[in-house]
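The values are calculated or read from the model by the stated rules, or taken from the named source; none is laboratory data. What you see is a predicted model, and the numbers here were worked out from it, not measured in a lab. A quick note on method: Cβ atoms are made from the backbone with ideal geometry, for glycine too, and the neighbour counts reach across all protein chains shown.
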RNA sequence: UGAAUAGUAC
């Protein structure tokens, strides 16, 4: 079984979902019982291949064959649904977890938020976030970051910038302050709004905000894109040189 | 042996 599972995991890395589910069939034909690992890898393969419905099918097949899905399997399925823009299906899975008593973890919530964003449901993403904020432990930086991206991809980049402000205000509390991903996401938000000046000032703010938020290649890339989109090619070129001055290699 | 937020080319 483990041998098969390794093969299925390899299919997953390559996004070969057909091969993956074919291997599961083969296992059953040979009298081997696919386990959680087998199914989760196959589901992951569907996610990579952007075949959300196949992922759902596999999750159901798993149940049919009396392999009880756990957090990882369910989350992998939600990730696949998110990648395919199937936000309502993803939320159904989240509810299903509740009813089955499977505790969602941070990755699960991130998948749900991402699914909402990709489906253009930024309001729902924010709703989810506020539920997390109301938890005793509050929302984590990664959950905030994920919600910011959901606003950007969901067509409401202004909200992402609001979240940045909120995170800065929370800095002393239970929640850690904005990190490098937070800022880079905010720059992407500026980019979609055509606010290249703001993007540049955020880049500057990062440098001053401490060692944890020093701009990296991705931050620069986002800022360059913001300038590029606004037709500010001179600024874009200037950023490119600055990036190299700091010893970073453009990709 | 399985899942994860800022890079998948209007």
**Q.** Pairs, first over 13 Å from residue A:180 (Cα atoms) and near RNA strand B (Cβ under 8 Å from one of its atoms) in region A:139-151, second at pLDDT 95 or above and part of a loop (DSSP other than H, G, I, E, B), C-beta under 6 Å, six or more apart
**A.** none
Q | Search result, residues across region A:185-198 that are over 17 Å from residue A:145 (Cβ atoms), under 24 Å from the mean Cα position of the chain (by Cα) and in a helix (DSSP H, G or I) | A | A:193
Q: Identify, by number, the condition in (1) buried (at least 18 other Cβ atoms within 10 Å of the Cβ); (2) near RNA strand B (Cβ under 9 Å from one of its atoms) that residue A:128 doesn't meet.
A: (2)
Q) Across region A:26-67, what is the number of residues that are over 24 Å from residue A:119 (Cα atoms), within 10 Å of RNA strand B (Cβ to nearest atom) and surrounded by fewer than 22 Cβ atoms within 10 Å (Cβ to Cβ)? A) 4
Q | Lone unmet requirement of (1) part of a helix (DSSP H, G or I); (2) more than 9 Å from RNA strand B (Cβ to nearest atom); (3) more than 21 Å from residue A:105 (Cα to Cα) for residue A:8 | A | (2)
Q) Looking at region A:154-161, is at least one residue modelled with pLDDT of 95 or more, within 15 Å of the chain's Cα centre (by Cα), part of a loop (DSSP other than H, G, I, E, B) and more than 15 Å from RNA strand B (Cβ to nearest atom)? A) no
Q. Would a scan of region A:4-24 turn up a residue that is under 30 Å from residue A:126 (Cα atoms) and touching a helix residue (DSSP H, G or I) at 6+ places or on another chain (Cβ under 6 Å)?
A. no
